[in-house]
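We did not get these values from a lab; they are worked out from the coordinates using the rules stated. Values in this document were obtained by computation on a predicted structure and should not be read as measured data. Cβ atoms come from the backbone with ideal geometry, glycine included; neighbour counts cover every protein chain shown.
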Amino acid sequence: MSNDSGTYKEIFKSTFLFGFVQVLNIISKVGINKAVAIFLGAEGLGVISLYQSTINLIASASGLGISQSAVRDISEANSESDGVRLSRTIEITTKIIWFTALFGAVVTLFMSKLLSKWTFGNEDYVIPFCWLSIVVFLNVLSEGKLAVLKGMRELRALAKASLLGSLVGLISGVPFYYFLGYEGVLPSLITTALSTLFFSWFYVRKIKYTAVELSFKKSFREASGMIKMGVALMYVSFLGFITDYIIRIYISNNSSLQMVGFFVAGSTIISSYFGIIINAMSTDYYPRISAISNDDRRLAEEVNKQSEVGLILVGPLVVLFMFVLPLMIKILYTENFLVSIDYISYAIFGTLILVCSNSMGMVLLAKQRSNVFVYSVTFSRLLGIILNILSFKYFGLIGLGIAAIIMAIIHIVLMAIIMFKLYKITFKPELIVMLFITIGLCILAFFVKDFSNIFTRYASGSLLFIVSLLYSVYNTNRVMNINVIGVITSKFNKND
């Protein structure tokens, strides 16, 4: 039990650590956007967002997904305490990343005229795109360095590198916009990319490993598995982009741009705020399961532990979310966007289910089963397009929310079948009961939020939130063998 308790503590610690980092990164981005809005206006914000979208697309395509797939190889080598293999894997990753970074920069440089036409409809931005090739180069290198830190599970160093890079970007960006106006956009983007690379490189240099001499040819030969998995991940990311694009185009053509805005606002709230928890959890989860990818019994334990912690954290937040959603939308957007609640109130249930299904899905990445991973995601995405289009056609925004729930159910069933057939990995009964109880509490919140009497609505909502919180505390006590309430009480008694 003590070993299990230790693993749960690790999951909680890494989740809170990277959740905190992501929150600060979001605050940093909000600060930058605020500065841009003040000094450059809406047009400046639009230009920068188009720059960023182009940079991210090229960096993602040219990077071949290596920054993600390398995590698995490095983690596995590190867990085996094989210094030679670890050094070799890090060196191979470094060589491949250098090549992909240069490739991305060259592509950006030579396509600068086309990128200017495609993005802005003219050739006025050819020179800026030439400068942005530097940003692409630096970003791909940074992702490679961060992959080494993730694979080595250097969590504190990874958190510091991410956080310091964002803070320096914020501190340096504001003066550029203030003193140089539009001329400060490119220096700001380059400085931010440079600072991120500097800090990631700084912390990677602290890792002790032996330098290995490898040619580019030999590195590519030995990295075939890494590249294959990376390309699969890149394909999945691209497929996600295409899926979102098709759905938004359909909404635009069959309704209005305003309706697209409502949908995007809703999906952004869910992906941004609940994505903080899911992304924070996966940061350490992927290297952790990669290290034990050949032990199916331990993998099953990790899948269940990860899912339990996810439900403990997300459950009470979803209940609270139901009642504060109108206020949140008014703060983040305007009252006109309150119609987005029609989508969010349903789609949020899909997030609860995905907490569990994603834990299973990532096992395919740890196992390097790129073919199964690609087929399952392709099936889900194609089905998602059809389901979203039909749901919107007949039920509007509510239909899109219902489609999100159905897709989450299909995903968890699909993952459960694949995991059982291939590796005999299943969800334990306690987790299934926990999932249904959590969903049940959220369904109650879904109905209570529509009570016409304000006092009854918020009194009932507060009671439901307390019940969901106590249920999470109970599960924390159960899985970690810690009396959470007792610990909190003792802290207060000490202060007295």
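Structure above, values below:
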| quantity | calculated |
| --- | --- |
| Label-to-label distance, nm, for residues given as residue 451 and residue 171 (7 Å Cα→Cβ offset) | 4.9 |
| Extended-chain gain in nm, criterion 0.36 nm per residue less alpha-carbon gap, residue 466 and residue 84 | 132.3 nm |
| Global form of the range 333-387, assessed from the alpha-carbon gyration tensor, a/c cut-off 1.5 | prolate |
| Using θ = phi - 60° and Karplus 6.51 cos²θ - 1.76 cosθ + 1.60, couplings along the range 154-159 (whole Hz; Gly, Pro as x) | 7, 5, 5, 5, 4, 5 |
| By average C-beta atoms within 10 angstrom, highest first, the peptides 208-216, 53-61 | 53-61, 208-216 |
| Over the range 12-222, relative contact order from alpha-carbon pairs under 8 Å, at least 6 apart, % | 28 |
| Hz values of 3J(HN,Hα) by residue in the range 43-56 - Karplus curve (6.51, -1.76, 1.60), Gly and Pro given as x | 5, x, 5, x, 4, 5, 5, 5, 4, 4, 4, 5, 4, 5 |
| Summed residue charge, Cβ within 9 Å of residue 123's Cβ, Lys/Arg positive, Asp/Glu negative | +1 |
| Local net charge near residue 166, Cβ-Cβ under 14 Å (Lys/Arg +1, Asp/Glu -1) | +2 |
| Gain upon complete extension [residue 433, residue 210; 0.36 nm per residue less C-alpha separation] | 75.4 nm |
| Label-point separation, residue 249 to residue 324 (7 Å along Cα→Cβ), nm | 3.8 |
| Ranked by how many other beta carbons lie within 10 Å on average, peptides 231-243, 396-408, 32-44 from highest | 396-408, 231-243, 32-44 |
| Nonlocal amide H pairs with residue 82, under 5 Å, H built at 1.01 Å | none |
| Segment residue 424-residue 10, extension gain: residue separation times 0.36 nm, minus the distance between their alpha carbons | 146.5 nm |
| Neighbourhood net charge (14 Å Cβ-Cβ; Lys/Arg +1, Asp/Glu -1) for residue 201 | +2 |
| FRET efficiency for residue 56 and residue 379, using Cβ-Cβ distance with R0 set to 25 Å, rounded to 0.05 | 0.45 |
| D (Stokes-Einstein, µm²/s), Kirkwood Cα radius, the chain, 1.306 mPa s at 10 °C | 65 |
| For the range 393-467: rounded, prolate or oblate by the Cα gyration tensor [a/c cutoff 1.5] | oblate |
| Ranked by how many other beta carbons lie within 10 Å on average, peptides 9-22, 377-390 from highest | 9-22, 377-390 |
| Cα shape, the range 227-496, gyration tensor, a/c 1.5 rule | oblate |
| Residue-by-residue Karplus 3J(HN,Hα) for the range 384-390, coefficients 6.51, -1.76, 1.60, Hz, glycine and proline x | x, 4, 4, 5, 5, 5, 5 |
| Largest to smallest principal axis extent of the C-alpha atoms in the range 12-222, angstrom | 54, 39, 23 |
| Calculated FRET value between residue 221 and residue 98, using beta carbons and R₀ = 22 Å, to 0.05 | 0.85 |
| Estimated [θ] at 222 nm from DSSP helical runs (n ≥ 4, -39500 (n - 2.57)) normalised by residues in the chain, nearest 500 | -30000 deg cm²/dmol |
| Nearest-0.05 FRET efficiency for residue 24 and residue 113, computed from C-beta distance (R0 51 Å) | 0.85 |
| Links that overshoot a 31 Å alpha carbon limit, given the list 150/217; 206/421; 9/367; 217/367; 9/228 | 206/421; 9/228 |
